[in-house]
Amino acid sequence: MASQVWRRTSKLLQQSASLAGASTRQAAVPLSNAFHQKIFSRDLTIDIPTPFKAHKCDPPSLSVETSPEELMGFFKTMYSMRRMEIAADSLYKTKFIRGFCHLYDGQEAVCVGMEAALTPKDCIITAYRDHCTHLGRGGTIYEVFAELMGRIDGCSLGKGGSMHMYNKAGGFFGGNGIVGAQTPLGAGLAFAQKYLKVDGVTMALYGDGAANQGQLFEAMNISALWDLPVIYVCENNHYGMGTAEWRSAKSPEYYKRGDYVPGLKVDGMDCLAVKQAVAYAKTHALAKGPFVLEFDTYRYHGHSMSDPGSTYRTRDEISGVRQERDPIERIRKLLIAQEIATVADLKNVEKEAKKAVDDALAKAKESPQPPLEELWSNVYAKSLDAEVYGADRKEVTSLRSDMSVGAAILPSLKYRSRNHRTSEGWQT
């Protein structure tokens, strides 16, 4: 059984690695030809305004290499993500989305900057604020909307919803609903990469609210012990649900939490700072093992749709971050200052992105719900080509392609319960 799991994992990682070609991913919404003509073919060096804070390592350079095309891609992708999340807010309030829904607006620079330093050989696993992560990993806005509304064309076939986006081909191993549980899973992905000699790292993302979970420290320990190529990424938006970080953490310097694992604190509202930090951490992880990144970021919405987001923080605080640190506005100012685009150019980009989001939403509403028979699919594994037997091997059941694991093992479990040896003798 273990060998079959490894074969499936190997195939999955190789499929993901085969997509590698470019050093960075394309923007979620492609730029029009008109803008390609206006972008100069030149390299840029931009200085990061906020210094890195380092733990057990030397910080990377504050000068970042980029290009006009990359900066335009940052702007359009982040703006598309923002519009998508605002549309999701409206969908929830009009009851097209049921259940939980966690929005990412304000934190877009983490996703976009991270992808600029990764390739399809790398894996990402995150928590339940995952809509934009799916988009960054090569998914589509249409897939996100369809999944949010429980439609068959969603990235998880309409059965995962907001918290369980998934893109196997893009190396995205999902949003996870259990707080902090994705961190040991990330260690497992990194172990598979190392075992299979895949030249990639795993990004295991979690929030400041999950940073106190014991399983995170267990994962860091085994990752350091085995030099696994994993980067633990704390997206510190300063509030775990409605609890401020200083109320739940004696030491909110999360980049130092790895102790023996080096780390960096990064301005998570700056795409270029995120890109530089991830590239630095990836180089370290491939050569020496785990690394910790803390991205100082901020969410504009509440923790979830049931949280107004203004009972534990002031509206002035939220508007202050929007005015001073908003990641989209930062890139907008940079594009104009570098004479890459004009105000009118960027307005056109926004117009195109809005239309793409509106079109995807309209199409997703037309997608059908999964058929009733899909209720049981992907619940039990099938076609394992294996046999299940009792303790004395007298009861043997072959797993058929039309049989669930539960149905296959039931006879063996019944046989064993009838003949189970206890300290008092055979149980009958």
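The values are calculated or read from the model by the stated rules, or taken from the named source; none is laboratory data. Just so you know, these numbers come straight off a predicted model, no measurement behind them. Cβ coordinates were reconstructed from backbone atoms using ideal geometry, including for glycine residues, and neighbour counts include every protein chain displayed. Remember, those area values only see protein heavy atoms, side chains included, never the ligands or the DNA or RNA. Shrake-Rupley method; radii C 1.70, N 1.55, O 1.52, S 1.80 Å.
All but one of (1) modelled with pLDDT under 75; (2) assigned to a loop (DSSP other than H, G, I, E, B); (3) of a type outside the set (D, E, K, R) hold for ASN378; state the number of the condition that does not hold.
(1)
Note down all Cβ pairs under 7 Å where the first residue falls in the stretch 44-67 and is aromatic (Phe, Trp, Tyr), the second is modelled with pLDDT of 95 or more, and they're at least six residues apart or on different chains.
Every condition considered, the pairs that remain are PHE52/PRO59; PHE52/PRO60; PHE52/LEU264; PHE52/LYS265; PHE52/VAL266; PHE52/ALA277.
So which residues in the stretch 291-324 are within 18 Å of the chain's Cα centre (by Cα) and either modelled with pLDDT of 95 or more or crowded, with 19+ Cβ neighbours inside 10 Å (or both), if there are any at all?
Our first condition is that a residue be within 18 Å of the chain's Cα centre (by Cα); within the stretch 291-324, this holds for 291-299, 303-304.
Scanning the stretch 291-324 gives PHE291, VAL292, LEU293, GLU294, PHE295, ASP296, THR297, TYR298, ARG299, HIS303.
This table checks each residue for (1) in contact with a helix residue (DSSP H, G or I) (Cβ under 9 Å, 6 or more places away or on another chain); (2) outside any helix (DSSP H, G or I).
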site	(1), (2)
VAL274	yes, no
ALA277	yes, no
LEU286	no, no
ARG299	no, yes
SER304	no, yes
GLU329	yes, no
ILE340	yes, yes
ASN348	yes, no
ALA360	yes, no
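Being touching a helix residue (DSSP H, G or I) at 6+ places or on another chain (Cβ under 9 Å), open to solvent by 20 Å² or more (accessible area, probe 1.4 Å) and within 21 Å of ASP296 (Cα to Cα): is that true of HIS238 here? Talk me through it step by step, then tell me what you get.
Numbers: touching a helix residue (DSSP H, G or I) at 6+ places or on another chain (Cβ under 9 Å): yes; open to solvent by 20 Å² or more (accessible area, probe 1.4 Å): yes; within 21 Å of ASP296 (Cα to Cα): yes.
Against the criterion (touching a helix residue (DSSP H, G or I) at 6+ places or on another chain (Cβ under 9 Å), open to solvent by 20 Å² or more (accessible area, probe 1.4 Å) and within 21 Å of ASP296 (Cα to Cα)), HIS238 qualifies.
Counting only residues that are among the hydrophobic types (A, V, I, L, M, F, W, C) and open to solvent by less than 30 Å² (accessible area, probe 1.4 Å), which one in the stretch 156-179 is farthest from the chain's Cα centre (by Cα)?
Going residue by residue through the stretch 156-179, those that are among the hydrophobic types (A, V, I, L, M, F, W, C) are 157, 163, 165, 169, 172-173, 178-179.
Checking which are open to solvent by less than 30 Å² (accessible area, probe 1.4 Å) leaves us with 165, 172.
Working: MET165: 9, PHE172: 7 Å.
Ranking the candidates gives MET165 first.
Checking the conditions here, which among PHE217, PHE173, PHE191 is part of a strand (DSSP E or B) and modelled with pLDDT of 95 or more?
Details: PHE217 fails: part of a strand (DSSP E or B); PHE191 fails: part of a strand (DSSP E or B).
Just one listed residue meets the conditions, PHE173.
Give me the pairs, please: first residue somewhere in the stretch 346-373 and farther than 30 Å from LEU335 by Cα, second residue anywhere and modelled with pLDDT under 95 and surrounded by fewer than 11 Cβ atoms within 10 Å (Cβ to Cβ), beta-carbon distance under 8 Å, and either six or more positions apart or on two chains.
Here the result reads none, with nothing in the stretch 346-373 linked to a residue that is modelled with pLDDT under 95 and surrounded by fewer than 11 Cβ atoms within 10 Å (Cβ to Cβ).
For ALA117, are the conditions met, namely being under 20 Å from ASP296 (Cβ atoms), under 15 Å from the mean Cα position of the chain (by Cα) and buried (at least 23 other Cβ atoms within 10 Å of the Cβ)? Lay out the reasoning, then the answer.
Values: under 20 Å from ASP296 (Cβ atoms): yes; under 15 Å from the mean Cα position of the chain (by Cα): yes; buried (at least 23 other Cβ atoms within 10 Å of the Cβ): no.
Taking the combined requirement at face value, the residue does not satisfy it.
Give me the residue from the stretch 70-111 that is among the acidic types (Asp, Glu) and within 16 Å of ARG330 (Cα to Cα) and, out of that set, nearest to the chain's Cα centre (by Cα). Walk me through how you get there before you give the answer.
Taking the stretch 70-111 and keeping what is among the acidic types (Asp, Glu), we get 70, 85, 89, 105, 108.
Checking which are within 16 Å of ARG330 (Cα to Cα) leaves us with 70, 105, 108.
Details: GLU70: 21, ASP105: 14, GLU108: 12 Å.
Ranking the qualifying residues of the stretch 70-111, first place goes to GLU108.
Of the residues ALA273, ALA244, which single one is at pLDDT 95 or above and either among the small types (Gly, Ala, Ser) or not assigned by the TED database to the domain that holds PRO60 (or both)?
Details: ALA244 fails: at pLDDT 95 or above.
Going through ALA273, ALA244 in turn, just one is at pLDDT 95 or above and either among the small types (Gly, Ala, Ser) or not assigned by the TED database to the domain that holds PRO60 (or both): ALA273.
Select from the stretch 180-196 the residues that are more than 15 Å from the chain's Cα centre (by Cα) and open to solvent by 10 Å² or more (accessible area, probe 1.4 Å) and list them in ascending order.
GLY188, PHE191, LYS194, TYR195, LEU196
Tell me the residue from LEU286, LEU228 that is surrounded by fewer than 19 Cβ atoms within 10 Å (Cβ to Cβ) and either aliphatic (A, V, I, L, M) or touching a Pro at 6+ places or on another chain (Cβ under 7 Å) (or both), please. So that I can check it myself, show each step before the final result.
Working: LEU228 fails: surrounded by fewer than 19 Cβ atoms within 10 Å (Cβ to Cβ).
None of the other options fit; the residue is LEU286.
Suppose the filter is of a type in the set (Asp, Glu) and assigned to a helix (DSSP H, G or I); does GLU235 pass it? Steps first, please.
Working: of a type in the set (Asp, Glu): yes; assigned to a helix (DSSP H, G or I): no.
Spelling it out, it is not the case that GLU235 is of a type in the set (Asp, Glu) and assigned to a helix (DSSP H, G or I).
Go through the stretch 250-266 and report how many residues are open to solvent by less than 10 Å² (accessible area, probe 1.4 Å) and out of contact with any Leu (no Cβ under 7 Å at 6 or more places or on another chain).
Going through the stretch 250-266 one residue at a time, the tally reaches 3.
Taking the options VAL110, VAL144, name whichever one is in contact with a Phe, Trp or Tyr (Cβ under 8 Å, 6 or more places away or on another chain), among the β-branched types (Val, Ile, Thr) and under 19 Å from TYR79 (Cβ atoms). Can you show your working first?
On the way: VAL144 fails: in contact with a Phe, Trp or Tyr (Cβ under 8 Å, 6 or more places away or on another chain).
Only one candidate passes the filter, namely VAL110.
Look through SER80, SER90, SER63, SER67 and report the one residue that is of a type in the set (S, T, N, Q), buried (at least 20 other Cβ atoms within 10 Å of the Cβ) and out of contact with any Gly (no Cβ under 7 Å at 6 or more places or on another chain). Quick ask: steps written out before the conclusion?
Details: SER90 fails: buried (at least 20 other Cβ atoms within 10 Å of the Cβ); SER63 fails: buried (at least 20 other Cβ atoms within 10 Å of the Cβ); SER67 fails: buried (at least 20 other Cβ atoms within 10 Å of the Cβ).
SER80 is the lone residue from the list that is of a type in the set (S, T, N, Q), buried (at least 20 other Cβ atoms within 10 Å of the Cβ) and out of contact with any Gly (no Cβ under 7 Å at 6 or more places or on another chain).
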